[in-house]
Structure formats: C-alpha cells, structure tokens
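First the structure, in the form of structure tokens, and then the observations on it.
The values are calculated or read from the model by the stated rules, or taken from the named source; none is laboratory data. Because the structure is a prediction, the values reported are computed rather than measured. In this analysis, Cβ positions are derived from the backbone assuming ideal geometry, glycine residues included, and neighbour counts consider all displayed protein chains. When the accessible area is computed, the model is the full protein with side chains, heavy atoms only, and any ligands, DNA or RNA have been set aside. Shrake-Rupley method; radii C 1.70, N 1.55, O 1.52, S 1.80 Å.
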Amino acid sequence: PTSLIELKVQGLSTFGSILVGESRETTIYVKNNSSAQIDVEPVVLPPFQIVGLQDSCFNGKLNSGSACTFKLKFSPDVVGKYSAKISIGDATLEILGNGIIGGDVNISEKIIDLGEVISGVEVFKTLTLTNLGDFTVNFPTFTLTQDVKLVSNYCGSFINQRSSCDIKFQVIKKTIGQQSDSITMRATSSGSGTATTTILFNSTVSPGVPTG
C-alpha cells in the first residue's frame with residue numbers, strides 16, 4: 001500500500017565520510033497526505049541530532065495536507081559506520097554516515113636506546129612509519145642533528161592511508177660519554193593538519209679499543 005506520509009531527503013541522501021569532530025547537515029521533507037493530524041517527533045541517537053523541528057514543523061504537529069522540513073545533523077566523535085532511521089507515521093527513512101580520522105603518522109619508536117657505541121663508528125637504526133588515518137599523507141619532514149642523519153626512505157613521497165613503510169637513520173657519535181640526540185618529525189595531512197613528534201636517540205659513547 002502507498003504510504004500516507006511522504007518522507008524524503010532534500011539535501012544529502014547520505015552523509016558519506018566526514019572527519020571525527022566535524023559536522024554535516026541534510027534537510028528532511030515530510031508531508032501529511034492522510035486525513036488526520038500526525039505527530040512529527042522522530043527520535044535519533046547520537047551522533048545524529050534533529051535540528052529545527054519545533055520551529056519549522058508546527059511544534060511537532062502536522063495537519064492533513066501540510067508539509068514541513070527539518071534538519072538532520074551528523075557529528076561523529078568516534079570512528080565508525082553509522083545509520084539514522086527516521087520514522088514518521090507509516091514512513092521510514094534511513095541515512096548513513098561514516099566517521100573517519102585524517103592522516104595520522106605514527107613512528108614505531110620514540111625513544112631509541114642505542115646502548116654503547118664507539119666514537120666515530122656509524123650505527124644504523126631502522127624505524128617504521130604507519131599512517132593510521134584515512135587520508136594519504138606526504139612523507140614527513142625531519143629536523144635532524146649533526147650526529148643523526150636520515151639515510152634511507154623506503155616510503156617515497158607519501159604514505160597511503162592505513163599503510164606502513166620503513167626509514168633508516170645513521171648515527172655517528174664523537175663526544176665521549178652519555179649522549180641524547182633529539183630530532184623532530186613533522187607530518188602534514190589535508191585531513192588533520194600538522195602533527196609534531198619528538199624522537200630521542202640515547203647512547204653511551206666510548207673511545208673504543210686502541211689498535212697497534
């Protein structure tokens with residue numbers, strides 16, 4: 001049987017994917033084709049919210065032959081797939097949305113203990129970069145020290161969403177004693193801006209064993 005209530009989306013038919021912490025709205029149209037007044041009081045659960053219902057839909061009461069619109073707002077605060085079902089009279093409408101995060105680069109170690117190293121002898125350390133987000137990110141930039149160099153980049157110019165790649169550092173210490181080199185990684189994503197991470201290379205530098 002044909003529904004006596006006309007219920008449809010005038011704006012976005014799906015919210016698609018939006019970043020966690022952001023919001024998006026669409027417009028819902030409802031018309032009462034029945035012979036009696038109906039209640040327009042749809043209930044949705046977070047992260048969805050009904051907006052402007054009381055102002056535009058006659059305080060939730062819709063007379064026969066009348067129509068009105070209201071807003072459905074989607075504001076995900078956790079990553080995931082969501083669904084809102086709007087029921088008015090004998091009509092039901094379902095709208096989908098995804099909460100995602102922007103590019104989020106994680107490095108496998110932030111404090112690296114190189115142990116005892118010999119002054120002037122190179123030491124190599126391989127670390128893994130992982131993009132935990134849903135946006136591709138450019139390869140990060142590194143602010144290095146005189147003793148720490150980035151010598152290998154197996155990532156290329158960018159890191160795809162939900163993927164990992166390796167980088168290799170070379171460390172050559174000259175000053176004897178306990179040392180700590182602090183370098184900075186800056187990762188920029190169109191989805192989440194710029195994030196800065198500090199990485200420490202700790203070592204104990206010895207002069208080595210004389211030969212000859």
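Which value, in Å² rounded to 10, gives the accessible area of Asp104 with a 1.4 Å probe and all protein chains present?
Solvent-accessible area, nearest 10 Å²: 70 Å².
Whole-Hz Karplus ³J(HN,Hα) for the range 94-99, in order, using 6.51 cos²θ - 1.76 cosθ + 1.60 and θ = phi - 60°, x for Gly and Pro?
Computed from phi, the couplings for the range 94-99 are 10, 10, 9, x, 10, x Hz.
Between Ala195, Ala36, Ala187, which gets the highest mean-square fluctuation from a Gaussian network model of the chain, Cα cutoff 10 Å?
Between Ala195, Ala36, Ala187, it is Ala36 that shows the largest mean-square fluctuation.
Do you know the relative contact order of the range 86-212, to the nearest whole percent, from alpha carbon pairs under 8 angstrom that are 6+ apart?
Working: 294 pairs, mean separation 40.2, N = 127.
Once divided by the residue count of the range 86-212, the mean separation gives 32 percent.
Do you know the Lys pair count in the chain for C-alpha distances under 25 Å, with sequence separation 8 or more or different chains?
The result is 29.
What is the Rg over Rh value, at two decimals, for the chain, using alpha-carbon atoms and the Kirkwood definition of Rh?
Values: Rg = 28.8 Å, Rh = 21.6 Å.
For the chain, the value is 1.33.
For Leu200, what accessible surface area do you get with a 1.4 Å probe? Give it in Å², rounded to 10.
Only protein atoms counted, so the area is about 50 Å².
Counting only other residues whose beta carbon sits under 10 Å from that of Ser203, what net charge do I get with K and R as +1, D and E as -1? Write down the numbers at each step before the final one.
Values: positive: Lys173; negative: Asp113, Glu116, Asp147, Asp181.
So the surrounding residues net to -3.
For the pair Ser56/Ser152, report the inter-label distance in nm, with labels modelled 7 Å from Cα in the Cβ direction.
Here the modelled spin labels are 5.9 nm apart.
Determine the distance separating the Cα centre of the range 54-88 from the Cα centre of the range 2-38; give it in Å without decimals.
Measuring centre to centre over Cα atoms gives 6 Å.
Can you tell me how the range 44-126 classifies by the Cα gyration tensor, rounded, prolate or oblate, using a/c under 1.5 as the rounded cut? Numbers along the way, then the final one.
Details: a/c = 7.18, a/b = 5.15, b/c = 1.39.
In terms of gyration-tensor shape, prolate.
Note down the accessible area of Phe158, probe 1.4 Å, to the nearest 10 Å².
For Phe158, solvent-accessible area is about 100 Å².
Let me have the relative contact order for the range 8-147, percent, based on Cα pairs under 8 Å that are six or more residues apart. Write out the running numbers ahead of the final one.
Working: 261 pairs, mean separation 33.1, N = 140.
Averaging sequence separation for qualifying contacts and normalising by length gives 24 percent for the range 8-147.
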